[in-house]
């Protein structure tokens with residue numbers, strides 16, 4: 001975030017705390033706009049998935065299930081069958097809001113990503129353990145709890161973390177966030193005794209790979225960003241002040257009508273008026289608890305006994 005654009009916004013004390021763990025997606029959300037992070041991760045308002053997120057999830061799910069199959073059986077025909085079947089389920093689950101042109105876009109862009117995948121590598125030659133697909137990564141750095149799931153990891157002489165992207169490769173200056181995410185996964189695995197040699201971003205539609213060695217300074221920067229960002233979150237929570245970052249990202253923000261930095265008459269975030277407004281916008285509010293979906297799949301975390 002550029003400091004010269006930031007707007008300090010006071011929020012009402014609603015008694016909520018920060019999530020007990022920090023994920024790479026939380027870091028990205030806070031970096032984009034800490035007030036939007038407050039609405040979603042502290043106040044608990046669920047942002048509806050947009051079409052790009054749905055396409056990304058669809059392609060990731062197809063590749064995960066495809067690579068679980070024995071290498072010699074990973075054919076293009078099987079991949080297309082998986083894409084068709086999974087895509088139909090996704091369309092049915094979201095048919096209440098998907099327009100006809102959205103369905104066309106979903107089919108076209110997911111198919112282009114899968115074509116890009118096959119242009120980039122031969123899956124029949126890829127040796128991968130099932131446990132290294134959507135592998136959970138957890139570690140504690142300076143009391144900050146990291147949790148996330150990597151797309152895949154391969155160990156064919158080089159231990160490599162790979163992250164799929166269903167967008168085209170951006171300009172070099174916009175790679176920092178994505179590279180930092182996979183470097184953070186590498187740091188988390190290293191803290192648990194597994195050294196990763198290399199991280200990789202695969203931009204499927206653009207048929208592009210970005211690879212970087214996991215040198216110490218890069219891992220240290222990723223860890224420092226995690227710790228520093230959590231401290232900023234703690235400070236914002238204590239001061240009841242979160243920074244809004246007005247800009248292009250606001251166009252797709254679910255909270256724009258409730259944001260005092262963008263909507264002059266927006267009520268104070270956290271107030272009854274703000275809560276009523278968000279509810280009127282058909283946003284869903286979730287309640288964090290130990291029995292909630294937030295803890296699902298986290299049974300193996302070393303800090304699970306401390307509560308989530």
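Only one of the numbered conditions (1) surrounded by 13 or more Cβ atoms within 10 Å (Cβ to Cβ); (2) in contact (Cβ under 8 Å) with a residue 24 or more places away in the chain; (3) within 14 Å of the chain's Cα centre (by Cα); (4) closer than 30 Å to residue 219 by Cβ is violated by residue 29, and that is (2).
Taking the residues in segment 269-308 that are at pLDDT 60 or above and touching a helix residue (DSSP H, G or I) at 6+ places or on another chain (Cβ under 6 Å) as candidates, determine which candidate is surrounded by the most Cβ atoms within 10 Å (Cβ to Cβ).
274
Residues in segment 57-79 that are touching a strand residue (DSSP E or B) at 6+ places or on another chain (Cβ under 8 Å) and closer than 25 Å to residue 97 by Cα: 59, 60.
Residues in segment 1-13 that are touching a helix residue (DSSP H, G or I) at 6+ places or on another chain (Cβ under 8 Å) and at pLDDT below 95: 1 in all.
Condition check: out of contact with any strand residue (DSSP E or B) (no Cβ under 9 Å at 6 or more places or on another chain) and outside any loop (DSSP other than H, G, I, E, B). Does residue 28 satisfy that? Spelling it out, residue 28 is indeed out of contact with any strand residue (DSSP E or B) (no Cβ under 9 Å at 6 or more places or on another chain) and outside any loop (DSSP other than H, G, I, E, B).
Considering (1) at pLDDT below 95; (2) assigned to a helix (DSSP H, G or I), the lone condition that residue 218 does not fulfil carries the number (1).
Is at least one residue of segment 189-207 assigned to a helix (DSSP H, G or I) and crowded, with 19+ Cβ neighbours inside 10 Å? Taking every residue of segment 189-207 in turn, at least one turns out to be assigned to a helix (DSSP H, G or I) and crowded, with 19+ Cβ neighbours inside 10 Å.
For residue 240, the conditions (1) at positive phi; (2) at pLDDT below 95 all hold with the exception of (2). Of all the criteria given as (1) touching a strand residue (DSSP E or B) at 6+ places or on another chain (Cβ under 8 Å); (2) farther than 19 Å from residue 27 by Cβ, the one not satisfied by residue 171 is (1). Every listed requirement among (1) in contact with a strand residue (DSSP E or B) (Cβ under 9 Å, 6 or more places away or on another chain); (2) farther than 30 Å from residue 168 by Cβ; (3) not assigned by TED's automatic domain parsing to the domain that holds residue 171 is met by residue 190 save one, (3). For segment 41-73, a tally of residues being touching a helix residue (DSSP H, G or I) at 6+ places or on another chain (Cβ under 9 Å), within 26 Å of residue 232 (Cα to Cα) and touching a residue at least 24 places away in the same chain (Cβ under 8 Å) returns 5.
The values are calculated or read from the model by the stated rules, or taken from the named source; none is laboratory data. As the structure is a prediction and not an experimental result, all values here were calculated from the model. Cβ: placed from backbone, ideal geometry, glycine included. Neighbour counts: every protein chain shown.
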